[in-house]
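Take a look at the structure set out below.
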Amino acid sequence: MSDTVRPSIVLVDDDPEVLASVERDIRHRYASSYRVVSAGSGADALSLVDRLMVREDPVALVVADQRMPGLTGTEVLARVAEQLPDTKRVLLTAYADTDAAISAINRAHIHYYILKPWDPPEERLYPVLDDLLEDWQAVGRASTQAGIRVLGDRWSAESHELREFLSRNMVPFRWLEVGRTREADTTLKALGDDVRLPVVMLDDGAVISRATPADVAEAVGMRATPDTEFYDLAVVGAGPAGLAAAVYGSSEGLSTAVVESDAPGGQAGTSSRIENYLGFPQGVSGEDLARRALTQARKFGASMISPRRAVRLHREDPYRVLELDDGSLLRCSAVIVATGVQYRELEVPGAERLRGRGLYYGSASTEAQGLTGEQVIVVGGANSAGQAAVHLARFAERVLVLVRGPAIEARMSSYLIAQLAEIPQVEIRLETEVAEVHGQDHLEAATLRSPAGEERLETAAAFVFIGARPRTEWLDTTVTRDDRGFILTGQSVSDAGKWALDRSPMLLETSMPGVFAVGDVRSDSVKRVASAVGEGSVAVHLVHAYLSI
């Protein structure tokens with residue numbers, strides 16, 4: 001495919017007047033950047049999409065009317081989803097057909113539905129399509145347009161770490177697997193005997209041998225140093241809570257810096273699809289949500305310092321001082337700690353050796369497409385595990401969900417349980433855990449333990465979502481934590497006898513005045529994305545109150 005080929009927007013409607021109307025409006029807005037093509041039936045639209053695929057022309061968006069003879073809009077978009085999962089899909093529907101639209105969200109995984117008529121398009125059409133096309137440009141086009149190429153071994157932990165880092169930081173790249181494609185093997189041979197995998201080839205021709213996330217971060221221009229030594233507000237952690245704090249802090253006039261050690265989105269950023277977050281009836285991936293929030297924070301002027309880790313916090317009244325892992329100091333008037341949690345590791349024989357080599361913590365989205373036809377294991381019984389199982393079922397032949405407890409309803413939302421029940425290749429096993437993992441260079445099998453005994457099961461990959469350990473070890477004794485390491489805030493600080501001022505601690509304030517904790521890292525918090533976002537915004541209000549004292 002030539003780089004000069006414009007991506008296509010495909011429109012389909014059997015009503016010539018409606019088709020002409022939507023084509024006119026979309027050409028007016030997008031013709032300079034996209035090729036707008038149309039079809040008068042569902043069958044013609046699918047034939048058109050097939051021809052574009054054969055020519056390797058990218059398809060950014062398909063807009064289909066619901067009420068068409070032969071193939072309905074939902075059926076057309078479901079077929080498109082199977083062939084081009086990254087293509088954005090929009091259903092045109094009348095108000096009376098909203099039930100069909102909801103069904104299309106569940107069946108065809110459409111990204112949006114638009115009610116007819118959509119006048120004025122400036123309010124009812126363009127904002128939706130602008131957002132979807134921006135998403136597609138950021139994610140869906142990466143595999144064909146990325147200037148960065150990553151050359152590595154599928155079963156290398158270092159290659160896995162690098163790919164996850166690039167993916168979660170929304171850096172487009174092409175993955176070339178050595179030993180699996182001719183292009184990868186030819187490229188490796190051309191680079192010579194001195195290179196060591198993984199290798200990153202930049203669009204300017206530079207080659208990084210034995211590349212690490214830190215190497216690539218610097219090469220692609222990620223900012224790892226503060227703009228200045230002082231900020232009004234420093235946010236540690238760029239999960240949903242931290243990004244919400246950054247958006248509200250910077251939009252309300254506070255000079256705001258966000259320190260992130262890995263990638264935006266936190267643990268939620270690894271979720272393949274979050275369907276119960278307010279305002280996204282079609283669901284949103286953790287990666288998309290993080291990208292939108294990060295863009296919003298930067299729009300208001302927040303500085304992103306990444307990849308950089310906070311290693312110490314101390315008090316130099318009237319300031320709070322963060323020490324970063326490169327030795328630099330960041331002084332600020334207030335701090336919001338939003339470092340979140342991380343999944344606990346499997347403590348079974350073989351787990352440490354096979355980490356990143358078929359055994360993954362979190363969804364490891366970069367690995368899913370390589371599991372076509374394979375049997376995989378998901379370990380855990382909460383929402384993250386359920387979301388991962390739904391996503392993996394799109395590729396794997398069989399997905400086995402292992403739940404240690406006697407019931408899955410205790411920790412997983414009912415909508416996810418219902419989805420899993422409708423996917424034939426997903427099996428849920430209760431009171432079952434992993435006793436051992438096996439393999440030489442990569443995971444090959446796992447021993448499962450249940451009341452019925454032990455069973456050895458061949459598997460290509462295992463994705464672990466068990467427990468939650470707070471990322472608070474860097475705080476040492478500077479703020480008070482509970483016996484599990486979660487940060488105490490508000491009245492809990494007073495109850496623990498750790499508050500020294502005459503005033504009471506504020507709702508989200510820690511034992512160090514001017515330092516607040518939000519999201520999953522906070523003791524007794526509700527472990528949901530929406531509550532984390534709410535706490536992040538409330539914390540900024542409390543920061544303003546603290547600064548006014």
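The values are calculated or read from the model by the stated rules, or taken from the named source; none is laboratory data. Quick caveat, the model's predicted, so the values are computed rather than measured. Heads up, the Cβs are rebuilt from the backbone with ideal geometry, glycines too, and the neighbour counts pull from every protein chain shown. Ligands, DNA and RNA are excluded from the accessible area calculation, which covers all protein heavy atoms including side chains. Shrake-Rupley method; radii C 1.70, N 1.55, O 1.52, S 1.80 Å.
Of all residues in the range 147-163, which are open to solvent by 30 Å² or more (accessible area, probe 1.4 Å) and in contact with a Ser or Thr (Cβ under 7 Å, 6 or more places away or on another chain)?
Answer for the range 147-163, where residues must be open to solvent by 30 Å² or more (accessible area, probe 1.4 Å) and in contact with a Ser or Thr (Cβ under 7 Å, 6 or more places away or on another chain): just D153.
Under 6 Å by Cβ, and 6 or more places apart or on different chains, what pairs join a residue from the range 415-428 that is open to solvent by less than 40 Å² (accessible area, probe 1.4 Å) with one that is modelled with pLDDT of 95 or more and part of a strand (DSSP E or B)?
L420/V426; V426/V399
Quick check on the range 540-547. Is at least one of its residues at pLDDT 95 or above, buried (at least 19 other Cβ atoms within 10 Å of the Cβ) and over 18 Å from T256 (Cα atoms)?
Checking the range 540-547: not a single residue is at pLDDT 95 or above, buried (at least 19 other Cβ atoms within 10 Å of the Cβ) and over 18 Å from T256 (Cα atoms).
Given the structure, is G253 open to solvent by 20 Å² or more (accessible area, probe 1.4 Å) and at positive phi?
So G253 passes the test.
Could you name every one of the strands (runs of 3 or more DSSP E) located completely within the range 442-549 that has at least 1 residues being among the basic types (K, R)? Working first, answer last.
Values: elements: 445-450, 453-458, 461-464, 515-517.
Answer list for the range 442-549: 445-450, 453-458.
If you go through the range 101-136, how many residues are touching a residue at least 60 places away in the same chain (Cβ under 8 Å), under 17 Å from A20 (Cα atoms) and open to solvent by less than 60 Å² (accessible area, probe 1.4 Å)?
Number satisfying all stated conditions: 4.
What is the number of the single condition among (1) touching a strand residue (DSSP E or B) at 6+ places or on another chain (Cβ under 8 Å); (2) of a type outside the set (D, E, K, R); (3) over 30 Å from G514 (Cα atoms) that Q440 does not meet?
Among (1) touching a strand residue (DSSP E or B) at 6+ places or on another chain (Cβ under 8 Å); (2) of a type outside the set (D, E, K, R); (3) over 30 Å from G514 (Cα atoms), Q440 violates only (1).
One line per residue, one yes/no per condition, for (1) of a type in the set (G, A, S); (2) over 27 Å from Q369 (Cβ atoms):
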{"residue": "S33", "(1), (2)": "yes, yes"}
{"residue": "T74", "(1), (2)": "no, no"}
{"residue": "D86", "(1), (2)": "no, no"}
{"residue": "A104", "(1), (2)": "yes, no"}
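Scanning the range 522-539 for residues that are under 18 Å from V258 (Cβ atoms) and touching a helix residue (DSSP H, G or I) at 6+ places or on another chain (Cβ under 6 Å), which turns out surrounded by the fewest Cβ atoms within 10 Å (Cβ to Cβ)?
The selected residue is S537.
Against the definition (at pLDDT 90 or above, among the charged types (D, E, K, R) and in contact with an Asp or Glu (Cβ under 8 Å, 6 or more places away or on another chain)), how does R357 come out, yes or no?
yes
If a residue must be in contact (Cβ under 8 Å) with a residue 40 or more places away in the chain, under 17 Å from E122 (Cβ atoms) and open to solvent by less than 50 Å² (accessible area, probe 1.4 Å), how many such residues does the range 25-50 contain?
3
So which residues in the range 303-336 are hydrophobic (A, V, I, L, M, F, W, C) and either surrounded by fewer than 17 Cβ atoms within 10 Å (Cβ to Cβ) or without any contact (Cβ under 8 Å) to a residue 60 or more places away in the chain (or both)?
V311, V321, L329
I'd like the full set of residues that are open to solvent by 20 Å² or more (accessible area, probe 1.4 Å) and either at pLDDT 90 or above or part of a strand (DSSP E or B) (or both), limited to the range 89-100.
none
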